[in-house]
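To keep things clear, I will list the structure first and then write my remarks on it.
The values are calculated or read from the model by the stated rules, or taken from the named source; none is laboratory data. Just so it is clear, the model here is predicted, and its values are computed rather than measured. Cβ placement follows ideal geometry from the backbone for every residue including glycine, while neighbour counts extend to all protein chains displayed. These accessible areas exclude ligands, DNA and RNA; they are computed on the full protein's heavy atoms, side chains included. Shrake-Rupley method; radii C 1.70, N 1.55, O 1.52, S 1.80 Å.
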Amino acid sequence: MDNRNLINDGIDAKDLPDRNGYFGEYGGSFIPPELQKVMDEVSEAYERISRDPSFLEELKDLEQHYTGRPSPIYHAKHLTAAVGGADIYLKREDLNHTGAHKINHCLGEVLLAKRMGKKKVIAETGAGQHGVALATAAALMGLECDIYMGEIDVMKEAPNVSRMKILGAKVISVKSGTRTLKDAVDEAFKAYLADPVNQIYCIGSVVGPHPFPMMVRDFQSVVGLEARDQMQEMTGRLPDSIVACVGGGSNAMGIFSAFLDDKTVSLYGVEPAGEGLDTPNHAATIGKGKVGILHGFKSYVIQDGNGEPMPVYSIASGLDYPGVGPQHSYLHDIGRVKYTSATDREAVEAFYALSRMEGIIPALESSHAVAYAVKLAEKLGKGKNILVNLSGRGDKDIDFVLRNYPLVEYEPDEKEENKYKEFLSHIQKRQ
């Protein structure tokens, strides 16, 4: 990790994205000319600074002594025993300072902003984890911070709103459109256009115009690089499968990036199926979308017949987005990553299961990955192992889950092998 080259370390195809920010046909920069000039300056600054040993050392020091990296990998023995299949391991990004993987790229983005002489950082947030992480990094480095958040998410994720305010950020509630993540992005872009000289838009995922899909991926690649070494040390080999939730897709790209060349490692991206893929209430962009342009980049988008983004839905505010990172679209098309989905119900079941069996309360976003990992473990059987990127903790979701998905006290069966199936059956009967 010393003097790592963020552009190249752990990345599959060293020429992706190309100089124009394309992963195959996806990505690029579809923004007004006046903003493109500023974006080119960001791109040039990033490529220069990301190769600067002093920048890399400062970032590494913050990751170790501020974030708490490396985050550990935990063998979920009780969940594994309950499922009765492949061994399930968790990459504990929920243990990072601020409680999620978002701090990884926020520290990098704010360091970049400071070196560029910016006075303010602005961003959108859905679940609030990116907002909290950016507010934290801004407070640490003495920059102003504005966070745009959909009105629905402001109410839903109240604990994170309070954290952002305590950290000194200004939280702007977005009341237009669906009042969720997509609309927060719209408003943040408008604010950026108003003054791109003194402020920088710190995008919260591997989305947006070039260089952000590349830049956020590179800052998140530390997750995969660590996991690669940790799994070999713990198990003597690479994982058979890696599972991560996908909204915009930053946590997934972070862990996938170190394994893209390892054809023996199967990669699974889990999108939010919401109330079901046969309903309009989901946000499975790769599964149900088509190629389009959204927020300055080309990728899969859930859109209507006129090419306009459609309202989407997920129980997890951080996955409630009608687009997906361009590199994910590319990896889907070439067949390197399999994109599947989990419903709200499955995510809640996984939320309770991990909480009750391992004493780990996961974010609802991460619960989607846990839910699919349980299915995959049963399918693969014993002798195989699965690594789940547990991208965030569920503190922010506790009140929402208890209010909307109550679960009476559950006494598990004494037989470990029956615990999980009986547990899920119990939940289903209570809904």
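Residue-by-condition table, conditions (1) buried (at least 23 other Cβ atoms within 10 Å of the Cβ); (2) touching a residue at least 60 places away in the same chain (Cβ under 8 Å); (3) assigned to a loop (DSSP other than H, G, I, E, B); (4) not basic (Lys, Arg):
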| residue | (1), (2), (3), (4) |
| --- | --- |
| Arg51 | no, no, yes, no |
| Leu79 | yes, yes, no, yes |
| Gly85 | no, yes, yes, yes |
| Tyr89 | yes, yes, no, yes |
| His97 | no, no, yes, yes |
| Cys106 | yes, yes, no, yes |
| Ala113 | yes, yes, no, yes |
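The residues on offer are His282, His295, and the sole one that is open to solvent by less than 70 Å² (accessible area, probe 1.4 Å), at pLDDT 95 or above and not β-branched (Val, Ile, Thr) is His282. Here Arg69 passes the criteria (1) at pLDDT 95 or above; (2) under 20 Å from the mean Cα position of the chain (by Cα); (3) open to solvent by less than 10 Å² (accessible area, probe 1.4 Å); (4) more than 20 Å from Asp395 (Cα to Cα) except the one numbered (3). Against the conditions (1) assigned to a helix (DSSP H, G or I); (2) surrounded by fewer than 21 Cβ atoms within 10 Å (Cβ to Cβ), Gly117 satisfies every one except (1). Lys37 meets all of the listed conditions (1) touching a residue at least 60 places away in the same chain (Cβ under 8 Å); (2) basic (Lys, Arg); (3) under 30 Å from Gly292 (Cβ atoms) but one, namely (1).
Every test in (1) within 22 Å of Ile172 (Cα to Cα); (2) of a type outside the set (Phe, Trp, Tyr); (3) modelled with pLDDT of 95 or more is passed by Leu193 save one, and that test is (3). The single condition among (1) open to solvent by 10 Å² or more (accessible area, probe 1.4 Å); (2) on the phi < 0 side of the Ramachandran plot that Gly335 does not meet is (2). For the range 399-418, a residue qualifies if it is open to solvent by less than 60 Å² (accessible area, probe 1.4 Å), modelled with pLDDT of 75 or more and in a helix (DSSP H, G or I), and the qualifying residues are Phe400, Val401.
Scanning for something within 19 Å of His210 (Cα to Cα) and either out of contact with any strand residue (DSSP E or B) (no Cβ under 7 Å at 6 or more places or on another chain) or open to solvent by 10 Å² or more (accessible area, probe 1.4 Å) (or both), does the range 303-317 turn up at least one residue? Scanning the range 303-317, I find no residue that is within 19 Å of His210 (Cα to Cα) and either out of contact with any strand residue (DSSP E or B) (no Cβ under 7 Å at 6 or more places or on another chain) or open to solvent by 10 Å² or more (accessible area, probe 1.4 Å) (or both), so the answer is no. Of all residues in the range 359-370, exactly one satisfies the criterion of being touching a strand residue (DSSP E or B) at 6+ places or on another chain (Cβ under 8 Å), open to solvent by 10 Å² or more (accessible area, probe 1.4 Å) and either free of Cβ contacts under 8 Å to residues at least 40 places away in the same chain or more than 22 Å from Asn160 (Cα to Cα) (or both), namely Ile361. In the range 153-167, of all residues being free of Cβ contacts under 8 Å to residues at least 40 places away in the same chain and open to solvent by less than 30 Å² (accessible area, probe 1.4 Å), the one that is nearest to Leu364 (Cα to Cα) corresponds to Val161. Of the set (1) closer than 21 Å to Leu380 by Cβ; (2) within 16 Å of the chain's Cα centre (by Cα); (3) polar (S, T, N, Q), all apply to Asn251 but (1).
For (1) in contact with a helix residue (DSSP H, G or I) (Cβ under 7 Å, 6 or more places away or on another chain); (2) farther than 30 Å from Gly208 by Cα; (3) not in a helix (DSSP H, G or I), each residue gets a yes or a no:
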site	(1), (2), (3)
Ile360	yes, yes, yes
Val370	yes, no, no
Val374	yes, yes, no
Gly383	no, yes, yes
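Every residue, every condition in (1) open to solvent by 10 Å² or more (accessible area, probe 1.4 Å); (2) among the basic types (Lys, Arg); (3) over 22 Å from Arg69 (Cα atoms); (4) in a helix (DSSP H, G or I), yes or no:
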| position | (1), (2), (3), (4) |
| --- | --- |
| Pro196 | yes, no, yes, no |
| Gly204 | no, no, no, no |
| Arg228 | yes, yes, no, yes |
| Met231 | no, no, no, yes |
| Met234 | yes, no, no, yes |
| Ala244 | no, no, no, no |
| Ala252 | no, no, no, yes |
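Taken together, Ala133, Ala139, Ala188 contain a single residue that is open to solvent by 10 Å² or more (accessible area, probe 1.4 Å), of a type in the set (A, V, I, L, M, F, W, C) and assigned to a helix (DSSP H, G or I), which is Ala139.
Please pick out the residue among Lys102, Lys77 that is closer than 27 Å to Lys382 by Cβ and of a type in the set (Lys, Arg).
Lys77 is the lone residue from the list that is closer than 27 Å to Lys382 by Cβ and of a type in the set (Lys, Arg).
Taken together, Gly276, Gly287 contain a single residue that is at pLDDT 95 or above and on the phi > 0 side of the Ramachandran plot, which is Gly276.
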